[in-house]
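Participant: Structure below; questions to follow.
The numbers here are math on the coordinates, done by the rules we state, and not lab data. It should be emphasised that the depicted structure is a prediction, and the values quoted were computed from it without experimental measurement. Backbone-built Cβ (ideal geometry, glycine too); neighbour counts: all protein chains shown.
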Amino acid sequence: MLRLQNISVQVTTENEPLAILRDVNLEFKPGCFYAITGPNGGGKTTVARAIAGIIPVSNGRILLDGEDITSLNITERARLGIRYAFQNPPRFKGIEVSTFLRLAAGDDTEAKTLRRTLRQVGLCPEEYLHRMVDTGLSGGEMKRLEVASALLGAKRVVILDEPEAGVDLWGFEELVRVVSQSHREHPDRITIVISHSERFITQADELIVMAEGQVQSQGRLADVRTTLMEELNCRWRKQCQLEEDEDAVECHR
């Protein structure tokens with residue numbers, strides 16, 4: 001069980017505190033697939049990074065199976081079996097793909113497991129195992145490799161931040177299949193996907209809608225669909241009003 005209790009995250013901009021998350025309370029059960037969605041800037045990625053230990057929380061606690069992991073950094077949480085796949089994966093000079101995957105999965109991981117995972121994400125092992133994780137890989141290739149490393153190393157929690165970003169349509173359909181299959185193969189693992197994609201949203205056991213740094217709704221898709229549509233319509237109206245105001249100012253000039 002993964003619990004977020006009254007989590008808040010603040011940053012300072014121009015000497016003024018800015019609340020990114022405000023008193024977020026969430027509960028993730030082992031064996032469940034969760035999708036977190038909502039408008040841009042609503043706090044989705046911040047929640048994911050707080051769980052992974054990439055950013056510190058200002059208030060609240062994060063508990064994994066009853067253990068308080070709030071003060072642990074990303075490396076310490078990775079050792080507990082929490083893995084995070086970045087929306088924009090970092091690149092590493094001087095590291096082969098095989099080494100990169102072994103660092104994520106553990107040195108005792110069998111070669112056939114690495115090869116199988118590469119094939120699952122659409123990368124041929126014979127072609128990619130000895131390539132370098134640097135600028136020689138395209139954005140889509142890096143995204144697939146990032147997802148592969150997260151799935152290999154996640155023993156308890158895997159978090160995928162907008163895995164569809166930068167992936168072509170064919171690759172995206174394969175990616176949805178791979179993530180869903182991996183989830184089924186690990187019945188005790190918590191899978192969390194940050195996404196706007198209907199394909200991932202409909203795969204989830206529970207949907208979490210985030211907006212303005214708070215949880216707006218959580219439950220099965222059928223139960224939260226109204227809240228999601230209301231939030232999206234509200235955001236759309238605000239954006240339209242903002243554009244109208246900007247046009248009016250421009251015309252006045």
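Participant: Please list, ordered by chain and number, the residues whose modelled amide H lies under 5 Å from the amide H of V157; skip anything fewer than 5 residues away on the same chain.
Facilitator: I82, R83, I190
Participant: Using only Cα atoms, locate the centre of segment 157-209 and the centre of segment 1-69, then give the distance between them in Å, rounded to an integer.
Facilitator: Centre-to-centre distance over Cα atoms comes out at 19 Å.
Participant: Taking the chain as the reference, fit the longest principal axis to its C-alpha atoms, fit the long axis of helix 139-153 to the helix C-alpha atoms, and give the angle between the two in degrees, 0 to 90, nearest 10.
Facilitator: Here the helix axis deviates by roughly 70 degrees.
Participant: Expressed as an acute angle from 0 to 90° and rounded to the nearest 10, what is the orientation of the C-alpha long axis of helix 169-185 relative to the principal long axis of the chain?
Facilitator: 70 degrees
Participant: Any idea how many Lys pairs in the chain come in under 29 angstrom at the alpha carbon, given 8 or more places apart or on separate chains?
Facilitator: Qualifying lysine pairs in the chain: 12.
Participant: Right, another one. Would you mind ranking C124, C32 so that the residue whose beta carbon has the fewest other beta carbons within 10 Å leads the list?
Facilitator: Going from sparsest to densest Cβ surroundings: C124, C32.
Participant: Provide, in order from the shortest bin, the percent of all Cα-Cα pairs of segment 57-199 in each 5 Å bin, continuing until the bin that contains the maximum pair distance.
Facilitator: In order of increasing distance, the bins hold 2, 9, 19, 23, 21, 14, 8, 4, 1, 0 percent.
Participant: Full-extension gain between E76 and K112, please, as 0.36 nm times their residue separation minus the C-alpha to C-alpha distance.
Facilitator: Contour length minus the Cα-Cα distance gives 10.2 nm.
Participant: Under a GNM of the chain (C-alpha, springs under 10 Å), which listed residue has the highest mean-square fluctuation: I159, I20, I62?
Facilitator: Looking only at I159, I20, I62, the biggest GNM fluctuation is shown by I20.
Participant: While we're here: Give the share of C-alpha pairs in each 10 angstrom bin for segment 2-252, from 0 to the last occupied bin, in whole percents, shortest bins first.
Facilitator: Calculated P(r), rounded to whole percents: 7, 29, 33, 21, 8, 2, 0.
Participant: May I pose another question? With 5 Å bins from zero, work out the P(r) of segment 1-92 over every alpha carbon pair and list the percent per bin.
Facilitator: 3, 12, 23, 26, 20, 11, 4, 1, 0
Participant: Can you give the charge dipole size of segment 2-252 about its Cα centre, rounded to the nearest 20 debye, using +1 on the beta carbon of Lys and Arg and -1 on the beta carbon of Asp and Glu?
Facilitator: 1100 debye
Participant: If you line up the long axis of helix 111-120 against the longest principal axis of the chain, both from Cα atoms, how many degrees apart are they, to the nearest 10?
Facilitator: The two axes meet at around 40 degrees.
Participant: For the chain, what is the calculated [θ] at 222 nm in deg cm²/dmol (nearest 500), taking -39500 (n - 2.57) for each run of four or more DSSP H residues and dividing by its residue count?
Facilitator: Dividing the helical sum by the residues of the chain leaves -13500 deg cm²/dmol.
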